[in-house]
1. For Ala149, what charge total do you get from the other residues with a beta carbon under 11 Å from its beta carbon, if Lys and Arg give +1 and Asp and Glu give -1?
2. I want the local charge near Phe61. Using Cβ-Cβ distances under 13 Å, sum +1 for each Lys or Arg and -1 for each Asp or Glu among the other residues.
3. Could you put Met84, Met229 in order of accessible surface area, largest first, with the 1.4 Å probe and the full protein assembly present?
4. Using protein chains only and a probe of 1.4 angstrom, how many square angstrom of Lys160 are accessible, to the nearest 10?
5. So how much accessible area does Asp120 have, in Å² to the nearest 10, using a 1.4 Å probe?
6. In terms of modelled amide H atoms, which long-range or inter-chain residues lie less than 5 Å from the amide H of Val115?
7. When the chain is modelled as a GNM with alpha-carbon springs shorter than 10 Å, which of Asp27, Asp226, Asp310 fluctuates the most?
8. Let me check I have the definition right: for the chain, take the eigenvalues of the Cα gyration tensor, multiply each by 5, take square roots. What are those semi-axes in whole Å, largest first?
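The values are calculated or read from the model by the stated rules, or taken from the named source; none is laboratory data. As the structure is a computational prediction, the values presented were derived from the model and not from experiment. Every residue, glycine among them, receives a Cβ derived from its backbone with ideal geometry; neighbour counts consider all protein chains shown. Each accessible area value is taken on the protein alone, full model and side chains, heavy atoms only, with ligands, DNA and RNA left out. Shrake-Rupley method; radii C 1.70, N 1.55, O 1.52, S 1.80 Å.
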Amino acid sequence: MTSSDANPTPLFPHRHLIGIEGLSQADITSLLDLADGYVDQNRQINKKGDVLRGRTQINLFFEASTRTQSSFELAGKRLGADVMNMSVSSSSIKKGETLIDTATTLNAMHPDLIVVRHGDSGAVELLSQKVGCSVLNAGDGSHEHPTQALLDALTIRRRKGRLEGMTVAICGDILHSRVARSNILLLNIMGARVRVIAPKTLLPIGIERLGVEVFNDMTEGLKDVDIVMMLRLQLERMHGSFVPSVREYFRYFGLDYEKLKVAKPDALIMHPGPMNRGVEIDSAVADDINRSVIREQVEMGVAVRMAALDALARNLPNEQPAGYGA
Ligand code: NCD
């Protein structure tokens, strides 16, 4: 029996998860539905399943990461995979060369799934073309971070019951944010209305073409929104001066109760983390248990990554292809 006989209609008909771009509404809904089940599993005493038993997952991180890497590690382990973490410092190496070399070396170890984070946009897709397994993007430059957008969507869907028709404001450093890009794509596919709110210096040119409404003022942009998504000021990606000072940035673009007044009374506050408290978000707002779902996002992250790993593994061949790994 071939693997295509085994999977006549795959749940998620893609070999890799490189971005939200190219996914359909049905693809996204399938992943979120699968993730809902994993949220329940993760709340049990016994969190361990075996759908990835015998599979090898490599987490290859060229950029520092705390929550995303640990979330992918837990996700793989809870599905029964063998998980190996590799952190590669990219400072002293010629990036292009090392990326391909590393990919070929790892490929010879017969992984089934490789999770990659890299500082360059497009690097994860390039790597996916050099390996025989499935690749998941854990963030590439300022391009995409698909599992973050999926976990944000799961958080919203569970709290609000739907994504369609929701008005979501994404605020802050849109220019450097792969989280913003993936979220804009996903929310548009799912029929939400997306606004971006940022100073002009932190907005990419032509952002309107992604199907968003653009605001440069928080009190205008936050009016009647259902969701407020704050972004970190990504100082490490800024070459030059994008904001006059952190204090001034907080005054105009930092989320506090005053600016929040114009949003819907039950608007949810989100942040992908790590947070710069007092820079893009006031500490009291971030910790407000009635409004902020920031910790819930972390919980949803593990479930969404389990769903993505599971869905991709279902499409992997069950037998070793002839001549593979000689
Ligand atoms: C985000 C990232 O790395 O793109 N964080 C994350 O995945 N938890 C956002 C950020 O770094 O600000």
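1. Charge balance near Ala149 sits at -1.
2. -1
3. From most accessible down to least: Met84, Met229.
4. Its accessible surface works out to 50 Å², give or take rounding.
5. Here the residue's solvent-accessible area equals roughly 60 Å².
6. Answer set, sorted by chain and number: Ile58, Asn59, Leu60, Leu136.
7. The residue with the greatest mean-square fluctuation here is Asp27.
8. 34, 22, 17
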